[in-house]
Amino acid sequence: MNNRILPSLDEFKYQAKELKKSENYERLGHAQNALAQKYGFISYQAILPNLKAIVENNNDLVKGLELPSFAGIKSPKLGSQFASFISFCFGHKPTPNKNNKQFEYTIDLTKITKNEDAQNFFYTLVLKTSEINTMLQVSFFAEIYNDYGNLYLKTPFEITYPFGKKRELLKGVFDEDVITLILSIKAKNK
C-alpha cells in the first residue's frame, strides 16, 4: 500500500467531482483517473480497492467516532485514516484531561524502521491529526517535535489503546511499518 494519506471513498468522489469542474474534464471517469494518478495509482480501478479497504476493514474503529465540540460547533468530519488513528489510540469519544494535564509521549523512529517513507508518513499523520481540529477545539497534539529521530508528543488526551494493540484492526489502512510506529508510542519517562 502506498504511504500516502488516501481519502475515504466519499472524499475521493467529492474531490473527483471538484477536479472535473476545475479542470473541465468531459467525463467524471477521466477526472477520477487523473485524481488516482495524483495519489500514485495508475487508474481509478487501481485505487478503488484501497479506498474500499479503508472503509471496510476499519468500520469497527471509525463507526461512531465522536470528537469533542467547542461552543456548540460540531467538530469536523475526519477522513478514515485520521479517524482510525484517533480511535485506535484514544477511543471513539476522546476527551481532554480535565486538569489541563499534558501527557507526554515519545517514539524512537530510528529503532523502529529504516523505511524513511513510513517515518515521514507517520510524522505527517500525527501533524495532520493535530491540525485537523485546531480551529474548533483542543488539538490532539499540542506540541510535536522531532529531535534526532526521537518524536516527542504532548497532548491533553491520554493514549489508552482502548481496543488493545491489535494490528489486524489497522491492516488495510496503514502499511506494516506505520502500524509498528503507531503501536510503539510510549509514555515519556516510563
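The values are calculated or read from the model by the stated rules, or taken from the named source; none is laboratory data. Given the structure is predicted, the values throughout are model-derived calculations rather than measurements. Every residue, glycine among them, receives a Cβ derived from its backbone with ideal geometry; neighbour counts consider all protein chains shown.
Take the residues in the range 88-113 that are among the hydroxyl-bearing types (S, T, Y) and at pLDDT below 85, then tell me which one is surrounded by the fewest Cβ atoms within 10 Å (Cβ to Cβ).
That would be T110.
Take the range 144-153 and flag every residue that is surrounded by fewer than 15 Cβ atoms within 10 Å (Cβ to Cβ) and touching a residue at least 40 places away in the same chain (Cβ under 8 Å).
First, the residues of the range 144-153 that are surrounded by fewer than 15 Cβ atoms within 10 Å (Cβ to Cβ): 145-150.
If the condition is that a residue be surrounded by fewer than 15 Cβ atoms within 10 Å (Cβ to Cβ) and touching a residue at least 40 places away in the same chain (Cβ under 8 Å), then G149, N150 are the ones that fit.
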